[in-house]
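Have a look at the structure below, then the notes.
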Amino acid sequence: MPNLNIVLIEPQIPQNTGNISRTCAAAGLRLHLVRPLGFSVSDRRLKRAGLDYWKYLDVTYYENTRDFFDKNAGEYFYFTTKGQNIYSDIAYPDNAYLIFGREDKGLPEELLFAKPKSCVRIPMLEGARSLNLSNSVALAAYEVLRQRQFPGMKTAGELTEFAWPEP
């Protein structure tokens with residue numbers, strides 16, 4: 001399965017990170033958590049939001065942003081309300097890193113300014129501040145998976161009490 005990395009820089013809300021962890025586990029994505037975190041990884045709200053998916057999660061922790069960039073190579077895409085490119089217009093390569101910032105501040109502007117073509121935005125109505133972090137990650141991740149035709153994923157469901165008619 002192609003590699004796809006979700007990077008959370010200094011996430012603050014345990015429930016968001018728990019939901020993102022569940023998305024990563026269910027979709028086979030690697031999760032990178034960059035400290036400082038706004039919660040403990042043993043927080044019950046974090047664990048509850050991730051439900052029983054923790055055993056499937058591939059997660060790596062970093063001491064800070066520099067530690068993350070020193071240890072990882074690939075193409076980076078910065079998800080930000082300040083981006084000039086629409087997220088669905090990008091062709092994401094194998095081993096891409098989708099990078100998201102804090103819920104209250106987003107990503108540092110010096111990071112964005114250095115790589116303007118790598119800054120992507122999820123369109124919203126004028127005046128809307130931002131989407132929820134876990135929703136943004138799910139939207140972005142599934143766009144990349146859609147572009148790759150959902151490799152290794154089950155794409156058809158089954159009824160429990162009935163059988164779907166043959167196509």
Discussion item. How would 161, 110, 143 line up from fewest to most surrounding beta-carbon atoms within 10 angstrom?
Written reply: 161, 110, 143
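Let me check I have the definition right: for the chain, take the eigenvalues of the Cα gyration tensor, multiply each by 5, take square roots. What are those semi-axes in whole Å, largest first?
Numbers: eigenvalues 142, 83, 52 Å².
They are 27, 20, 16 Å, listed largest first.
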Response to the item:
Per GNM of the chain with C-alpha springs under 10 angstrom, the most fluctuating residue out of 154, 82, 117 is 154
Worksheet item: Which value results when the Cα radius of gyration for segment 52-140 is divided by 2.2 N^0.38 Å?
Response: 1.14
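Run through segment 96-167 and list the chymotrypsin sites (Phe, Trp or Tyr not before Pro) located in a DSSP loop whose Cβ has at most 16 other Cβ atoms within 10 Å.
Values: sites: 97, 100, 113, 142, 162; in loops: 162.
When the chymotrypsin sites (Phe, Trp or Tyr not before Pro) of segment 96-167 are filtered for loop state and at most 16 Cβ neighbours within 10 Å, 162 remain.
Taking only C-alpha pairs under 8 Å that are 6+ residues apart, what is the relative contact order of segment 4-147 in percent?
Numbers: 254 pairs, mean separation 40.9, N = 144.
Relative contact order, segment 4-147: 28 percent.
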Item to complete: Quick one: angle between helix 14-27 and the longest Cα principal axis of the chain, in degrees between 0 and 90, rounded to 10, please.
Response: 50
Worksheet item: In terms of modelled amide H atoms, which long-range or inter-chain residues lie less than 5 Å from the amide H of residue 85?
Response: 121
Worksheet entry | Tilt relative to the chain, helix 133-147 - C-alpha long axis, 0 to 90 degrees, to 10 | 60
Discussion item. If you take every residue apart from residue 86 with its C-beta less than 11 Å away from the C-beta of residue 86, what net charge results, scoring Lys and Arg +1 and Asp and Glu -1?
Written reply: -1
Practice prompt. Would you pull out the residues with amide H under 5 Å of residue 32's amide H, same chain only if 5 or more places away, H placed 1.01 Å from N?
Written response: 6, 7, 8, 60
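Laboratory data are not the source of any read-out in this text; all were calculated from the coordinates shown. Since this is a predicted model, take the numbers as computed values, not measurements. Cβ atoms come from the backbone with ideal geometry, glycine included; neighbour counts cover every protein chain shown.
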